[in-house]
Amino acid sequence: MQGETLSPSQAKRIVDEANGIMSRCKTEMENKNQEFVEKVSKVWEDTNAVNYFQTHKKNMEGFIEELSKNNEVFGNAVQEIANKYCSAGGKGAISVSKITLSPAIDVSLIKDVFAEGENGDDFGFINPQNGAAQVMDAFTELVNSLTNSATNAVSSIQSINAFGNSEVRMEIAKSAGTVVTILKDHIAQAQKLIKEFVDQTAQAYVKVGNNSAQEARLTVEGK
């Protein structure tokens, strides 16, 4: 039979577990972003890249800040539910510890010229035919990792027996998974937009190259 019980220590453990999950998601975001930036810096460097990646940095950090806020909302909800049980049982209210996630997305490797270019002032897009596809794998890995994190969050928190009411326990666990899923959806959308922009940039350079080759031939033939 389902009970209406509460373990205050286990309720706090739920929030601690969520804190750890969200912290790992943040670290994974930062690590995969660094891999992505390193790969891009080897194939695309110009002023547009510098400007674009400042926007990218702002977006990624905004996602982490939203993750932090949603984690706080989750922690407050668990605390509020637990304290309703405490009130019903004549117990003192509990307080849970919620972490604040501080984003640290680094895009400093993106320059307006290739640092190791042959002439020191080279810029443009190396291997534009398939260079864009080569740099997107880190984002694909990140989306997959966050999908797994959402599933694991539900399983991990569902296993913590803070509440005797199994429906309460399951809904709390699903909410923790939703916090990660929101982040994953942001990243998936960002991945799509980034790929489109990088592809367009690569193709713009291809077009310039093709037109320039044509112009060079006309110049020579005209002499």
Q | From the options Asn165, Asn152, Asn148, Asn127, residue that is on the phi > 0 side of the Ramachandran plot, surrounded by fewer than 18 Cβ atoms within 10 Å (Cβ to Cβ), at pLDDT 85 or above and not charged (D, E, K, R) | A | Asn127
Q. Since Lys91 meets every condition but one in (1) touching a residue at least 60 places away in the same chain (Cβ under 8 Å); (2) crowded, with 18+ Cβ neighbours inside 10 Å; (3) basic (Lys, Arg), which condition does it not meet?
A. (2)
Q: Have a look at Ile187, Ile160 and point out the one that is at pLDDT 90 or above, in contact with a helix residue (DSSP H, G or I) (Cβ under 8 Å, 6 or more places away or on another chain) and assigned to a helix (DSSP H, G or I).
A: Ile187
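The values are calculated or read from the model by the stated rules, or taken from the named source; none is laboratory data. Small disclaimer: the values here were computed from a predicted structure and weren't measured. With ideal geometry, Cβ positions are generated from the backbone for all residues, glycine too; neighbour counts draw on all protein chains shown.
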